[in-house]
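One structure below.
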Amino acid sequence: MRIPPSYILKRIGFLVAVLFTAATINFLIPKLAPRDPVQELINQKIAGGSLTSEGAAEFRDSLRTLYGLDKPLWQQYLTYIGNTMRFDLGYSIVNYPQRVSTIIGQTVFWTLGFVFTSTILAFLIGTVVGALVGWSKTSKWFSWLMPPLAMFSAIPGFILALVFIYYLAFKAQLFPLRGGYSVTIDKNWSDPQFLLSVLHHAALPGLSMLLVSVGGWSLGMRSMMVTVEGQDYITFAEAKGLKGSRIFFRYALRNTLLPQVTSLAMQLGLIVSGATLVESIFNYPGIGNRLGGAIRALDYPVIYGIVFFLVVGIALSTLIVDLIYPFLDPRISYSGG
Amino acid sequence: MQRGQGFRGFLNYIRRNPAFGGGLVLLLLLLLFSTVTTIFIPREGAYPLAVMPRQAPSAEYPFGTDSVGRDLLPTLIYGTQMTLSIGMIAGVIGLGVGTVLGFMTGYFGGLFDTIVKFLVDVLMTIPSFLLLIIIASSVPNPEEMGVVRMGLILSIVAWVQPTRAIRAQVMSMRERAFVMMAKLSGMSGMEIIIKELMPNLMPYLAISLAGAVNGGVLGSLGLQTLGIGNLREPSLGMTIYWLRYYNAFLQGYWWWIVEPVTVIAAIFIAFLLLSIGLDEFANPRTRRTV
């Protein structure tokens with residue numbers, strides 16, 4: 001299968017448009033809002049006693065020059081877009097000499113680890129459960145799984161997380177309450193004891209993410225399965241006398257998996273938003289919790305930088321799925337874009 | 001739709017569509033809990049220093065109190081009221097804008113459709129929650145942010161999904177025979193939209209409304225849990241923010257955790273049941289006995 005270049009170009013053009021919109025929103029919103037992060041920082045410092053009101057004016061001017069706030073608006077915009085596209089996201093205001101890109105680098109792998117694992121697990125479990133429930137020749141007992149799964153899918157993960165923390169971590173003491181690893185162990189990635197503690201800490205945040213999405217995957221899979229079961233080629237396969245398991249795996253499952261992959265790409269935004277909140281609840285050292293911290297500290301460059309980074313991640317993943325999809329499904333036509 | 005008329009017919013319909021009935025009852029209970037009770041329970045108890053802090057549920061404080069001295073019963077009553085109102089404002093505006101844009105673009109097409117479709121596609125890729133974080137964290141005077149302002153902020157993203165869903169429905173209906181008939185009989189585009197398409201899409205509009213209100217509630221809870229918005233008002237999201245801030249887990253204040261979680265879960269389950277029920281109403285063909 002060859003994908004026409006026009007399809008690829010169209011998708012990449014769309015990606016650029018998404019990034020450009022995200023960067024523009026990041027630039028415009030703070031300009032529209034009559035809120036001055038520099039002044040707020042100075043007020044905080046004066047209130048904290050680390051800055052006298054005489055030094056404030058000078059500090060203010062130097063900060064404004066540093067962030068380019070003394071230049072005309074269009075120039076600021078061009079500089080901002082240029083910097084953003086080179087992934088220069090500026091400096092944190094609260095932890096000053098630290099770059100936003102450094103902060104992202106320190107936290108992103110924590111998030112990727114538990115979010116990726118729980119999403120893949122949820123996708124697999126949900127797809128299998130949904131397929132078994134939807135296929136009419138499996139035990140009716142499977143359908144009892146659906147109501148609780150649907151219920152869990154409706155309740156946001158960070159709300160479930162509160163219950164898990166209280167009952168499983170605080171009461172039963174099966175899991176740690178917060179954080180990404182035990183503070184009593186040295187942070188050493190080659191130490192198996194440290195790795196074990198990382199897994200132990202990731203278990204509850206992962207479970208909160210997993211329970212929420214399993215329901216969605218199984219509901220989607222079930223209705224696809226019901227639709228496919230009514231198709232003529234299934235009846236034909238049965239008439240040919242094929243074994244039930246062969247019809248299930250080769251005929252039904254294969255055809256229902258494709259829409260699931262598409263919705264995986266569509267769900268990414270929701271998954272990332274959910275992970276942000278789950279991390280905040282668990283104080284997990286990931287990018288979402290860092291975003292939460294930046295919001296509380298009014299550290300605007302960090303807020304905008306992390307949001308932009310997440311949008312880039314989601315847009316890139318969507319592009320990859322768009323490009324892989326024609327290989328997975330030979331029936332698809334590319335011209336639609 | 002159903003045999004029988006009026007309330008009797010409605011009850012008969014509910015019997016065949018228990019999800020819809022369950023969702024309706026649950027939502028009604030939540031509305032009663034957050035409105036009727038306000039006659040007996042004053043709002044003052046929902047603010048810090050109103051009552052003795054850290055009390056487990058008792059005869060005096062049936063829901064217990066938190067560690068800054070909020071009585072949790074009024075906190076949850078007024079919190080539910082605030083959170084549902086925020087969702088309602090966002091949902092109604094979102095659906096309103098989505099309906100207008102969806103019908104305009106889906107029926108007339110053209111350059112306007114191309115622009116709106118592109119915008120919707122872009123906004124579907126950028127997670128609305130992240131967009132909300134940017135907008136809501138930049139709003140001035142968060143300490144004065146009331147229900148209306150929060151609802152308006154959420155409505156900035158609430159129109160995207162309804163626009164997309166309604167546009168797709170209108171496009172699929174545009175070529176049907178009854179629309180052709182209406183065109184031949186000389187009806188104008190606007191007339192066809194209002195007299196022919198709108199009534200046929202009512203169930204879809206109801207589903208979109210449930211989805212948009214649900215999205216508004218979810219968005220407001222998420223923002224408030226991160227500490228964006230009015231920290232003093234007792235909305236449900238802020239209750240979550242404060243129980244996390246004061247580490248209710250480590251102190252073993254189970255009531256402070258279990259109660260808001262139960263109310264929030266009830267809200268989302270009510271919307272889940274309503275949308276399952278409405279979906280069954282809109283697509284009778286999906287009826288099955290799995």
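The values are calculated or read from the model by the stated rules, or taken from the named source; none is laboratory data. All figures in this text were calculated on a predicted structure; none of them were measured in a lab. With ideal geometry, Cβ positions are generated from the backbone for all residues, glycine too; neighbour counts draw on all protein chains shown.
Of note:
- Test: residue B:15 is modelled with pLDDT under 95, of a type in the set (Lys, Arg) and assigned to a helix (DSSP H, G or I): yes
- Number of the exception - residue B:263 against (1) under 19 Å from the mean Cα position of the chain (by Cα); (2) at the interface with chain A (Cβ under 9 Å from one of its Cβ atoms); (3) of a type in the set (Val, Ile, Thr): (2)
- Some residue of segment A:319-330 being under 20 Å from residue A:208 (Cα atoms), more than 10 Å from chain B (Cβ to nearest Cβ) and either surrounded by fewer than 24 Cβ atoms within 10 Å (Cβ to Cβ) or among the basic types (Lys, Arg) (or both): no
- Residue tally, condition over 26 Å from residue A:267 (Cα atoms) and either more than 8 Å from every other protein chain (Cβ to nearest Cβ) or not in a helix (DSSP H, G or I) (or both), over segment B:104-147: 16
- The residues of segment B:15-41 that are closer than 23 Å to residue B:78 by Cβ and either surrounded by fewer than 13 Cβ atoms within 10 Å (Cβ to Cβ) or free of Cβ contacts under 8 Å to residues at least 24 places away in the same chain (or both), listed by number, are B:25, B:28, B:29, B:32, B:36, B:39, B:40.
- Residue count, segment A:208-233 (criterion: without any contact (Cβ under 8 Å) to a residue 40 or more places away in the chain and touching a helix residue (DSSP H, G or I) at 6+ places or on another chain (Cβ under 6 Å)): 1
- Considering residues of segment B:211-221 that are small (Gly, Ala, Ser) and surrounded by 24 or more Cβ atoms within 10 Å (Cβ to Cβ) only, the residue nearest to residue B:246 (Cα to Cα): B:220
- Residue among B:269, B:276, B:228, B:240 that is crowded, with 23+ Cβ neighbours inside 10 Å, at the interface with chain A (Cβ under 9 Å from one of its Cβ atoms), touching a residue at least 60 places away in the same chain (Cβ under 8 Å) and among the β-branched types (Val, Ile, Thr): B:228
- Filter result for residue A:316 (more than 9 Å from every other protein chain (Cβ to nearest Cβ), closer than 23 Å to residue A:120 by Cα and under 15 Å from the mean Cα position of the chain (by Cα)): yes
- Cross-chain or 6+ apart pairs with Cβ under 7 Å, segment A:130-145 first and away from every other protein chain (no Cβ under 11 Å) and among the basic types (Lys, Arg), then in a helix (DSSP H, G or I) and exposed (fewer than 15 other Cβ atoms within 10 Å of the Cβ): A:137/A:244
- Filter result (without any contact (Cβ under 8 Å) to a residue 40 or more places away in the chain, within 14 Å of chain B (Cβ to nearest Cβ) and assigned to a helix (DSSP H, G or I)) within segment A:159-199: A:159, A:163, A:166, A:167, A:168, A:169, A:170, A:171
- Residues considered: A:73, A:121. Of these, the only one that is modelled with pLDDT of 90 or more and away from chain B (no Cβ under 14 Å) is A:121.
- Only one of A:79, A:52, A:24, A:65 that is within 13 Å of chain B (Cβ to nearest Cβ) and either free of Cβ contacts under 8 Å to residues at least 12 places away in the same chain or surrounded by fewer than 16 Cβ atoms within 10 Å (Cβ to Cβ) (or both): A:24
- Note on segment B:148-173: among residues that are surrounded by fewer than 23 Cβ atoms within 10 Å (Cβ to Cβ) and among the polar types (S, T, N, Q), the one that is nearest to the other protein chains (Cβ to nearest Cβ) is B:161.
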